[in-house]
Amino acid sequence: MKGRRVWEIGGFISGAVLIVFGAVALYMGINGYQTVGDELSKEQIVGGSDMAPAEIQKAASEAGLPATIELPTCDVVDETIDTGNEARCFAQYMRIHALEASGGLTYAQMGRFQSAEPDDPAGTSDEAAAAKDESGNPISNGARNLWITETALATALNVSYMAEQISIFSIVVGVALILTGIGLVILALAVFGRYESRKEALGT
């Protein structure tokens, strides 16, 4: 009988603990989700007129980008960016814009300095072959610097997407923990009730 009582009490305690943990996870998930939206809204980001699949495909073709480059399939034209999914979509379009400016070259494919031909986005890492300013110093590669800015902004937007997904996962886990805890409490109550009924039936 003592062992049965321990199991009953253990069921109640386990259920209560799971319900508490679930409530905390649910609160943190909802709070995190709202925070992502609030912080994105503060930046006043709005999707550009070319941030639609058909428009970006046309722009990429005019820029001569290779067909192997994966283009975004989402649409945020004139939309306020205030969710993680929209932030990720915006970041994808930013990458294509950077590729259009660099002639399809990524950061690692460009040199640190502007080459003697200003229209060449590839640039050069050879100071001797680089274009010089009035002081004789090599001029930095503008297209490469653009990639640095794009990478920083896109990373921030992608982090927003990741944070939102983690928040959603936390909400799901919180609900699951609460339901599991309630189930354990109900099970413990059912077992305890059946045991008490049997005692009464036996007159003990």
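When the alpha carbon coordinates of the chain are projected onto the principal axes, the ranges are 104, 37, 33 Å, largest first. Within segment 86-122, find all residues whose amide N lies under 17 Å from a label point positioned 7 Å from the Cα of ALA129 along Cα-to-beta-carbon. Hits in segment 86-122 for ALA129 at 17 Å: 108-122. Taking every alpha-carbon pair under 8 Å whose residues sit at least 6 apart, segment 76-164 reaches a relative contact order of 36 percent. For SER115, the amide hydrogen comes within under 5 Å of the amide hydrogens of GLY123, THR124, ALA131, counting only partners 5 or more places away or on other chains and with H modelled in the peptide plane. Calculate the FRET efficiency for SER41 and ALA176 from the Cβ-Cβ distance with a Förster distance of 30 Å, rounded to the nearest 0.05. With R0 = 30 Å, the Cβ-Cβ based efficiency is 0.50. Between LEU26, LEU189, LEU40, the residue with the greatest mean-square fluctuation in the GNM of the chain (Cα pairs under 10 Å linked by springs) is LEU189. Surface composition of segment 17-87: carbon plus sulfur atoms contribute 54% of the solvent-accessible area (1.4 Å probe, protein chains only, all chains present).
The GluC sites (Glu not before Pro) of segment 94-158 meeting both criteria, a DSSP state outside H, G, I, E and B (loop) and at most 12 other C-beta atoms within 10 angstrom of the site's C-beta, are GLU134. In this Cβ point-charge picture (+1 for Lys and Arg, -1 for Asp and Glu), the chain has a dipole of about 2100 debye about its Cα centre. Note on the chain: helix-only mean residue ellipticity at 222 nm, from DSSP H runs of 4+ residues weighted -39500 (n - 2.57) and normalised by residue number, equals -23000 deg cm²/dmol. Using a Gaussian network model of the chain whose springs link C-alpha atoms within less than 10 Å, name the residue from ASN158, ASN137, ASN145 with the highest mean-square fluctuation. Checking each option, the largest mean-square fluctuation is seen for ASN137.
If you plug the beta carbon distance of ALA63 and ALA156 into 1/(1 + (r/R0)^6) with R0 = 35 Å, you get a FRET efficiency near 0.90.
The values are calculated or read from the model by the stated rules, or taken from the named source; none is laboratory data. The model shown is predicted, which means the values in this text are computed figures rather than measured ones. Using ideal geometry, Cβ is built from the backbone for each residue, glycine included, and neighbour counts are taken over all protein chains shown. For accessibility, only protein heavy atoms count, side chains too; no ligands or nucleic acids. Shrake-Rupley method; radii C 1.70, N 1.55, O 1.52, S 1.80 Å.
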